[in-house]
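The next block holds one structure in the form of structure tokens; read it before the comments.
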Amino acid sequence: MSHAIVIRVSVHLAALLVAGTVAAASCGSDGVEDTTPPTTTIVSATTRTTGTPPPTTAATTSTSTTTITSSVTTSTPLPAPPLAIDPAWVAYDDLFGVWGVAADDVLNVRTGPGVSNPIIGEFGPTARDVHRFDVTEFVRDQRWGVVRFGQGAGWVNLAFLRPVGTTPPITIGSVDASIAGAADRVRELLGSGDVATLSEHVDPDRGLTVSVHASITETTPVLSLAQVAGSATDSATLLWGYTDGDGAPIVETIRQRLRAVAGDTGLTSTDAIGYDVRLGFGNSIDNIDHWFPGSSVVEYHFDGTSLYGDFDWSSVRFVFDAEAETPSGRPVLLAIVQDTWTI
């Protein structure tokens, strides 16, 4: 099958270098919200003392050994009590789950937004029954929100919380099995943070387009094979686009951007998977067919929450060349496109 050739100039890396880095998300695993449980160290001190001199008539002296055991305890303050729930707070009907926290780590719950506030308690890395209120606040570019905790409430970093999607998601449409399998593998690589291995799906000539919006433009970054392969240690930042509404620039390293894609609710809370079928429709034009005619698209879609009438839906689309393989024999991933409702 032949394809029309669309020529697009890749965004040159040097033209997009921007000073500064994006602050890492706060969690024990990042060392910012690390909780150290009380530790008790047993110290054993052995002293040797000489006995009282015997009467002059004694022919020998005796010694005794005394062992002194003391307990030295280093501890953190007791957890602060939960906050009282404000009757004016609006609760989500949907449950939320912890995402992006290491298996041996926890998500801390605090008395206020930000790591300077006392810890109330914690959620484990596999928690999937978190009740959230529609109360948020930004602290140093980190978004914090209020959740129910015990008989009260507390604040958590929302970077580590995602709605709980349908399990398993429904599938709509059809696509070649190799494409479906490749899409699942790309999703797993992103979720595990193994962004460098993603290069096995990147064509050395066409690179990988990464768009933060449904509409791809001339300035949308196109990453080379080398950039993706070296993304784990590459500290250079790129301008990926601008946030909806306030138009703030999105400046991140390649790893940070791909990690942000991995945390998209379309992937973490998938309700449906569309094979060459569009599931999310907003007011941004989906122009994948213009840039990649004849391609196959796998879309991971989150329906949204009832609190916002499903307007907080989200989709992540993986665009594949239906008839090509990389030198490593993998289906070619041409683009990763995020989509959501915009103002």
(message) Filter the stretch 227-256 down to the residues that are over 20 Å from L189 (Cα atoms), aliphatic (A, V, I, L, M) and open to solvent by 30 Å² or more (accessible area, probe 1.4 Å) and list them by number.
(response) L239, A248, V251
(message) As an exercise: evaluate A324 against (1) closer than 22 Å to G241 by Cα; (2) open to solvent by 20 Å² or more (accessible area, probe 1.4 Å); (3) in a strand (DSSP E or B) and give the number of the one condition it does not meet.
(response) (1)
(message) Checking the structure you have, find out if any residue of the stretch 155-170 is crowded, with 19+ Cβ neighbours inside 10 Å, under 30 Å from A226 (Cα atoms) and over 18 Å from the mean Cα position of the chain (by Cα).
(response) no
(message) Are there helices (runs of 4 or more DSSP H) fully within the stretch 217-316 with at least 2 residues that are within 19 Å of the chain's Cα centre (by Cα)? List them.
(response) 254-262, 265-268
(request) Evaluate the stretch 131-139: report whether one residue or more is in contact (Cβ under 8 Å) with a residue 60 or more places away in the chain and either open to solvent by 20 Å² or more (accessible area, probe 1.4 Å) or at positive phi (or both). (result) yes
(request) Looking only at the stretch 136-194, count how many residues are closer than 17 Å to I336 by Cα and among the hydroxyl-bearing types (S, T, Y). (result) 1
(message) So the check is Cβ under 9 Å with 6+ separation or different chains; which pairs have a first residue in the stretch 227-249 that's touching a residue at least 12 places away in the same chain (Cβ under 8 Å) and a second one that's open to solvent by 50 Å² or more (accessible area, probe 1.4 Å) and of a type in the set (K, R)?
(response) S231/R255; A232/R255; D234/R255
(message) Quick check on S224: is it of a type in the set (G, A, S), touching a Leu at 6+ places or on another chain (Cβ under 9 Å) and open to solvent by 40 Å² or more (accessible area, probe 1.4 Å)?
(response) yes
(request) State whether one or more residues within the stretch 286-304 are within 14 Å of T209 (Cβ to Cβ), surrounded by fewer than 20 Cβ atoms within 10 Å (Cβ to Cβ) and charged (D, E, K, R). (result) yes
(request) Kindly provide the set of residues from the stretch 283-321 that are of a type in the set (S, T, Y) and under 24 Å from R185 (Cα atoms), ordered by number. (result) S295, S296, Y300, S314, S315
(request) May I ask you to list the residues in the stretch 151-161 that are within 15 Å of G124 (Cβ to Cβ) and at pLDDT below 95? (result) F160, L161
(request) Could you tell me which residue of the stretch 196-216 is most open to solvent (accessible area, probe 1.4 Å), considering only residues that are aliphatic (A, V, I, L, M) and in a helix (DSSP H, G or I)? (result) A196
(request) Scan the stretch 103-114 for residues that are among the hydrophobic types (A, V, I, L, M, F, W, C) and open to solvent by less than 40 Å² (accessible area, probe 1.4 Å) and jot them down. (result) V106, L107, V109
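The values are calculated or read from the model by the stated rules, or taken from the named source; none is laboratory data. All values derive from a computational prediction rather than experimental measurement. For neighbour counting, all protein chains shown are included, and Cβ atoms are generated from backbone atoms with ideal geometry for every residue, glycine included. Keep in mind that these areas ignore ligands, DNA and RNA; they rest on the heavy atoms of the full protein, side chains included. Shrake-Rupley method; radii C 1.70, N 1.55, O 1.52, S 1.80 Å.
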